[in-house]
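Here's the structure, in structure tokens; my notes come after.
The values are calculated or read from the model by the stated rules, or taken from the named source; none is laboratory data. Source: prediction; values computed, not measured. All Cβ positions, glycine included, derive from the backbone under ideal geometry; neighbour counts span all protein chains shown.
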Amino acid sequence: MATARATAALAATSLAERPEHPVVGRAVSHESAELHVTGAALYTDDLLPRMPGALHAWPLQSPHAHARISALRTEAALAVPGVVRVLTAADVPGVNDAGVRQDEPLFPAEAAFHGHAVCWVLGESLEAARLGAAAVEVDYEPLPSVLTLAEAIAAEQFQGAQPIVTRGDAAAGLARAAHRCSGEFEFGGQEHFTLETHAAIAQVDEAGQVLVHSSTQHPSETQEIVAHVLGLRSHEVTVQCLRMGGGFGGKEWQPHGLAAVAALGAVLTGRPVRMRLNRTQDITMTGKRHPFHASWEVGFDEDGRLQGLRATLTSDGGWCLDLSEPVLQRALCHVDNAYFIPDVELRGRIARTNKTSQTAFRGFGGPQGMLVMEDILGRCAPLLGIDPTELRRRNLYAPGQRTPYGQLVRHAERLPAVIDEVAARADLDARRADIAGFNATHPHRKRGIALTPVKFGISFNHTAFNQAGALVHVYKDGSVLINHGGTEMGQGLHTKMRQVAATALGVPLGLVRLAPTRTDKVPNTSATAASTGADLNGGAVKDACEQIRARLAVVAAERLEVGADAVRFSGGSVTAAGGEGEAAGTTLAWQEVVQAAYLQRVQLSAAGYYRTEGLHWDPVRMQGDPFKYFAYGAAVSEVEVDGFTGASTFLRTDIVHDVGDSLSPLVDLGQIEGGFVQGAGWLTLEELRWDTSDGEGRGRLLTQAASTYKLPSFSELPRELHVHLLERAAEDGAVYGSKAVGEPPLMLAFSIREALRQAVAAFGPAGHAVELASPATPEAVFWAVEAARQASGS
Amino acid sequence: MGSIEITVDGDPRAAGAIGPHTSLLDWLREQGRTSAKEGCAEGECGACAVLVARPDGAGATRWTAVNACLPPALAFDGQEIVTAEGLGTAPTPGAAAELHPVQREMAERGGSQCGYCTPGFVCAMAAEYYRPDRAAEERAAHGECGPNGFDLHALSGNLCRCTGYRPIRDAAYALGAPAADDALAHRSMQAPPPPRPTSVRDERGTFLRPADLAELTALLGETPEALLLAGATDAGVERNLRHTRPPLVLAIDRLEELRGLHVTETAIEIGAALTLSEIEHTLAGRVPMLDALIPQFASRLIRNAATLGGNLGTGSPIGDSPPALLALEATLLLVSATGEREVPLAEYFTGYRQSVRAPGEVIKAVRIPLPLAPLTAFHKIAKRRFDDISSVAVAFALTLEGGRVTTARIGLGGVAATPIRALATERALEGREWNEETARSAAAVLRGEGTPLDDHRASARYRSAMLEQSLLRLHTEAVI
């Protein structure tokens, strides 16, 4: 017993191990759940009625896909009643750039896409600002535009670096392969469609300090961009994010320029400025998930084992670079997904097109890279005469193997483990037989079932971003207030951080309160992105709490008459471990120890810091160990396809997912289910259509509303959805043994797409390859069914 | 006329200084009631949903969830609104939260993540929670209905981007019956506030709610360009997305003369200002074609406001009711200050969003002749099964005698500038034996009907293929 306790004492200061009775690991509701359901939770634009006198901003958007702005006249706009000011490039005191690469002018001299904001009007009301924008006169000189990936590839219109990941000799791998296939695959992007559109409210205080409330995943970068646009230093700008009504990567980069416009307006008018994009503006102005084109050649040996892969991935970056380079890097680092490919050459490039700037979106290129591989396997399996699940199994990474970019696949044994478990839980083999029976008796409806795995690397590829800070205060009454650099967008980060703090301090969860994210509390933060929010900020919160706890342990040790390392904090009680001395069995209340510490002039506040150890990445050679660990998962999905229409029904999905030891099971379950359905939306429903004609509307987004861009609804929730967290899965490289969960589950939705492929195949003879467009909308599925009906067997 | 007043969460609030173009949502938010959110501004996402006290047809109140982003606030003069803030209270310093049962289930089951859509879900869910016949439906959980009688379609107009919906479904299916002392259940036993005449004129425009049909037709005779407003599910989108600002708005949704529903030996007459939900409740089972159509028509939130008169009045070629009503050989009663006339729906549409409705005329009712054709079907082809706009809609009404098709009426939407009858296909069916060969040859004719276009919803080729497939499907699925 004594030994166990001593181990626990040491463990309490290690990153991954948990103390006894931890608050992490308990299934608790979202920390704002009661505020959400009563409508009391405030989002940025909800501050407006609480901020009298605010001006409203409205953009003038380009009606051309590409045009030089030869003149811009604002007189008529200023004559509109209620118009206060028109913001143009001439008003920018600092740098006219919404990004950091000087390729994203905030007030452009050239409209680079249909819908590009060329100036902003400030009005006493939103209606006045809108009418003012309509009165601005702009002379456009239309320029040639490039809209599609095919056009950009043909014109060789690329931007940014063109990285290559290689291992071995892809040509040799292909040459020795018994079976070779090649193909192309172009697939669509995805609109974030956060229910809360982009919003910011800026104000200036009496000392000239600029405060921007912004719906941003990256307050520090919003702060930096606002500062450089205004020509200020960072310490003159504060950014606060109360919470976001969804982020999904869409608020990692896109909020900066919008916050800067609001801040510029506030500085120039001395009044608060409210900026809130309506849905049409949000969807036509801001970035989305990158569409990709892939061309590939793959080789398998006689047993279906991958021998070589040569592929070129071209992403559609839109009009400026934005985050396209790191997105492409992550895509190339995930083409392998869960499979070992001995000889490989992966080339990447970014097309520049006259569309919105494509940006971060849950998975950050990873899903696109993995989709290429899953599509290859789905298409090639019937040509190889191997069941697709078996083909996937045969190619899984084995322990000791490395990725094409050189990283050891640690815990590779978890891949077959999650696959075996999900196959068993889904009763896969028996249901395959049932489905064959169903299909034999239903000429117009066919079912399909598929299993797909996920391996996803956790950490920012860019090593420097893998750091975080926190600020923790313990007040004299024992209550705890924590601040950290991460933002809350619904993913439950704040819930987890409260649990981490309560665990590290050994206090009840109710004693820990969390304050909104602000750049003047924790500086120089990284984006809450790449699924790293809990890993990084959790490490920092834990560090801050442990500093305070160590100081309190000294205070308590005197009273308990033990050494400080024998003091235990748990559940609001402070006790001595070990059972020696007179104080054995004595329990001090947390509040009592805190009081005593204050009187002894012991600091009750601490700044915490965390950086992920062991990472290195060479973005030029595209080699290194960019990830701290991999998150694993697998899903089995069954679908039914209606042969008359191509419409599909999701019958059942089973998921086994590796979240390490969950910090907060209810939150993690929500991330898995939500990610899965969002992935299913991307792959089957959500379709961005642009006017690619040469007519007047060229470049216009045609699906720019909820009525035309369809998100998943209840009808896309599988009738049965079973999620199981992989057990005994502690990750020793992350806070309290947990793993990141934000992004990896999105790719579990590949199982839906591959099940659709199986169902489509059942309309035709055995052994033919099925090509399926993405998104696999009812129309796309219908044409695939028609092709299957006309196919001849192998 | 008294001052403009809307009761929100039990508090009467003056709403004088707003013109006809301020939505209920914007007005609520200006009042500081910010629980209702704008997500899409076109009635697709439900983040703005609130409850309104509406007549249940039997003298009491039905708590009805509607989108607040679409109707003008002035349309609620004298009415009672309940928001998520009124259903329960958040924790405040020193006081624990007091959650409504719907809120408690949503909070405890992980039904909220970012929380932005949540107040709207809570209101839509509360409306179904209070639906009087919900608990009476003792059906086992099936398809899209919970063991507690909760119809998931009540939430078809709410979008959530975070949760994937499973916990929301679980919350909905876990709801019990309202407690005996439940305030809103108690309120629902009394009559809702009656409509009252409203008149607001200022520099932004004029909003009038006439007291009766005679006043309406007189007004319309003087100003035929007025916007006739019922559920605002189309007009609200025009205002929010295309910024139309009609100078005169005439609210007609509560006119009793437009809200009748009469069944005679020869016809069913449906008042043009009845909402689709009201038609659904009242006619349940009487017209199988409508039973098939209405659940596929937009979402519950929209159907709680939208009217048949509105769907026909806008003249959209992709409205879902015209194909069904064409196949049923419906006629429209048009009324004006000078009289009333009856027009077959097949002769009503004259071009894209154009009709024979003359200036000064209003649609009073839709008349469906009886007896109904024994074999009917409504096929809606859309990307998403819940709440989507049709790429193609096909309605069939067939009479078979001795194995032969004696009459065939087929209405099509989405394949021409107006809803049309598939006349060539009807001819290809009539007089023929109802067998696979007939279905195949007629389907080939149907494929060629209309002049479908390529657009963002579907290709012309797919639309044509769907016409053909729908007749094949009818033959396969029809139970004779």
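Does residue A:363 satisfy the criteria of being surrounded by fewer than 24 Cβ atoms within 10 Å (Cβ to Cβ), small (Gly, Ala, Ser), touching a helix residue (DSSP H, G or I) at 6+ places or on another chain (Cβ under 6 Å) and modelled with pLDDT of 95 or more?
No: the conditions fail for residue A:363.
If you check residue B:116 against the conditions, is it within 9 Å of another protein chain (Cβ to nearest Cβ), under 28 Å from residue A:31 (Cα atoms) and touching a Phe, Trp or Tyr at 6+ places or on another chain (Cβ under 9 Å)?
In short, yes.
Which ones in region B:275-287 are in contact (Cβ under 8 Å) with a residue 24 or more places away in the chain and either of a type in the set (Gly, Ala, Ser) or in contact with a Gly (Cβ under 8 Å, 6 or more places away or on another chain) (or both)?
B:275, B:277, B:278, B:281, B:282
Out of B:269, B:278, I need the residue that is closer than 20 Å to residue B:234 by Cβ, modelled with pLDDT of 95 or more and acidic (Asp, Glu). Which one?
Criteria check complete, one pass: B:278.
Restrict the check to region A:19-38 and report whether at least one residue is more than 12 Å from every other protein chain (Cβ to nearest Cβ), over 27 Å from the mean Cα position of the chain (by Cα), on the phi < 0 side of the Ramachandran plot and surrounded by fewer than 20 Cβ atoms within 10 Å (Cβ to Cβ).
yes
May I ask you to list the residues in region B:212-259 that are free of Cβ contacts under 8 Å to residues at least 24 places away in the same chain, closer than 18 Å to residue B:358 by Cα and crowded, with 17+ Cβ neighbours inside 10 Å?
Once the filter is applied, which keeps residues that are free of Cβ contacts under 8 Å to residues at least 24 places away in the same chain, closer than 18 Å to residue B:358 by Cα and crowded, with 17+ Cβ neighbours inside 10 Å, region B:212-259 yields only B:227.
Which one of B:368, B:389, B:381 is under 23 Å from the mean Cα position of the chain (by Cα) and in the same structural domain as residue B:304 (by TED's automatic domain parsing)? Working first, answer last.
Working: B:389 fails: in the same structural domain as residue B:304 (by TED's automatic domain parsing); B:381 fails: in the same structural domain as residue B:304 (by TED's automatic domain parsing).
Unique residue meeting the criteria: B:368.
Residue by residue through region B:98-113, note down the ones that are surrounded by fewer than 24 Cβ atoms within 10 Å (Cβ to Cβ) and either part of a strand (DSSP E or B) or at the interface with chain A (Cβ under 7 Å from one of its Cβ atoms) (or both).
Listed by number, the residues that qualify are B:98, B:99, B:108.
Condition check: of a type in the set (Lys, Arg), at pLDDT below 95 and surrounded by fewer than 24 Cβ atoms within 10 Å (Cβ to Cβ). Does residue A:728 satisfy that?
Details: of a type in the set (Lys, Arg): yes; at pLDDT below 95: yes; surrounded by fewer than 24 Cβ atoms within 10 Å (Cβ to Cβ): yes.
Yes; evaluated as a whole, the condition is true for this residue.
Every residue in region A:649-703 that is part of a loop (DSSP other than H, G, I, E, B), surrounded by 24 or more Cβ atoms within 10 Å (Cβ to Cβ) and either of a type in the set (A, V, I, L, M) or within 15 Å of the chain's Cα centre (by Cα) (or both), please.
Residues satisfying the conditions are A:659, A:663.
Any residue at all in region B:12-24 that's within 11 Å of chain A (Cβ to nearest Cβ), within 23 Å of residue B:115 (Cβ to Cβ) and of a type in the set (Ser, Thr, Tyr)?
Scanning region B:12-24, I find no residue that is within 11 Å of chain A (Cβ to nearest Cβ), within 23 Å of residue B:115 (Cβ to Cβ) and of a type in the set (Ser, Thr, Tyr), so the answer is no.
Listed here are the residues, each with its yes/no results for (1) in the same structural domain as residue A:696 (by TED's automatic domain parsing); (2) part of a strand (DSSP E or B); (3) within 36 Å of the chain's Cα centre (by Cα); (4) of a type outside the set (D, E, K, R).
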{"position": "A:95", "(1), (2), (3), (4)": "no, no, yes, yes"}
{"position": "A:106", "(1), (2), (3), (4)": "no, no, yes, yes"}
{"position": "A:113", "(1), (2), (3), (4)": "no, no, yes, yes"}
{"position": "A:128", "(1), (2), (3), (4)": "no, no, no, yes"}
{"position": "A:131", "(1), (2), (3), (4)": "no, no, no, yes"}
{"position": "A:140", "(1), (2), (3), (4)": "no, yes, no, yes"}
{"position": "A:146", "(1), (2), (3), (4)": "no, no, yes, yes"}
{"position": "A:162", "(1), (2), (3), (4)": "no, no, yes, yes"}
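Return a yes/no flag: does region A:705-718 have any residue that is at positive phi and touching a residue at least 12 places away in the same chain (Cβ under 8 Å).
no
Within region A:73-90, does at least one residue satisfy the condition of being at pLDDT 95 or above, of a type in the set (D, E, K, R), outside the structural domain of residue A:700 (by TED's automatic domain parsing) and in a strand (DSSP E or B)?
Yes; the residues of region A:73-90 include at least one that is at pLDDT 95 or above, of a type in the set (D, E, K, R), outside the structural domain of residue A:700 (by TED's automatic domain parsing) and in a strand (DSSP E or B).
Quick check on residue A:478: is it more than 24 Å from residue A:614 (Cβ to Cβ), touching a residue at least 12 places away in the same chain (Cβ under 8 Å) and buried (at least 24 other Cβ atoms within 10 Å of the Cβ)?
On the way: more than 24 Å from residue A:614 (Cβ to Cβ): yes; touching a residue at least 12 places away in the same chain (Cβ under 8 Å): yes; buried (at least 24 other Cβ atoms within 10 Å of the Cβ): no.
Against the criterion (more than 24 Å from residue A:614 (Cβ to Cβ), touching a residue at least 12 places away in the same chain (Cβ under 8 Å) and buried (at least 24 other Cβ atoms within 10 Å of the Cβ)), residue A:478 does not qualify.
Could you list, in sequence order, all residues of region B:444-464 that are touching a helix residue (DSSP H, G or I) at 6+ places or on another chain (Cβ under 7 Å) and assigned to a helix (DSSP H, G or I)?
Scanning region B:444-464 gives B:444, B:445, B:446, B:447, B:462, B:464.
When the residues of region B:265-274 are narrowed to those that are assigned to a loop (DSSP other than H, G, I, E, B) and touching a residue at least 60 places away in the same chain (Cβ under 8 Å), which ends up surrounded by the most Cβ atoms within 10 Å (Cβ to Cβ)?
Selected residue: B:272.
Farther than 30 Å from residue A:688 by Cβ, at pLDDT below 95 and among the small types (Gly, Ala, Ser), is that true of residue B:478?
yes
Give A:207, A:175 a once-over and let me know the one that is out of contact with any helix residue (DSSP H, G or I) (no Cβ under 7 Å at 6 or more places or on another chain), surrounded by fewer than 19 Cβ atoms within 10 Å (Cβ to Cβ) and in a helix (DSSP H, G or I). Spell out the reasoning first.
Working: A:207 fails: in a helix (DSSP H, G or I).
Just one listed residue meets the conditions, A:175.
May I ask you to list pairs of residues, at least six apart or on different chains, whose Cβ atoms are under 7 Å apart, with the first in region B:53-75 being under 16 Å from residue B:87 (Cβ atoms) and the second being among the β-branched types (Val, Ile, Thr) and assigned to a loop (DSSP other than H, G, I, E, B)?
Listed pairs, sorted by first residue: none to list.
Does region A:437-447 include one or more residues that are crowded, with 16+ Cβ neighbours inside 10 Å and aliphatic (A, V, I, L, M)?
no
Considering each of A:363, A:348 in turn, give the residue that is within 30 Å of residue A:408 (Cβ to Cβ) and either assigned to a loop (DSSP other than H, G, I, E, B) or assigned by TED's automatic domain parsing to the domain that holds residue A:746 (or both).
Answer to the check: A:363.
For residue A:248, are the conditions met, namely being outside the structural domain of residue A:523 (by TED's automatic domain parsing) and on the phi < 0 side of the Ramachandran plot?
no
Residue A:761 versus (1) touching a Ser or Thr at 6+ places or on another chain (Cβ under 7 Å); (2) more than 14 Å from chain B (Cβ to nearest Cβ): which is the lone unmet condition?
(1)
Only residues that are surrounded by 13 or more Cβ atoms within 10 Å (Cβ to Cβ), in a loop (DSSP other than H, G, I, E, B) and not small (Gly, Ala, Ser): list them for region B:332-352, please.
Passing the criteria: only B:348.
Filter region B:398-431 for residues that are part of a strand (DSSP E or B), in contact (Cβ under 8 Å) with a residue 12 or more places away in the chain and not aliphatic (A, V, I, L, M) and give the result.
Within region B:398-431, B:399, B:404, B:406, B:407, B:409, B:411, B:413, B:421 qualify.
Considering only region B:119-164, state which residues are part of a loop (DSSP other than H, G, I, E, B), at the interface with chain A (Cβ under 8 Å from one of its Cβ atoms) and at pLDDT 95 or above.
B:156, B:159, B:160, B:161, B:162, B:163, B:164
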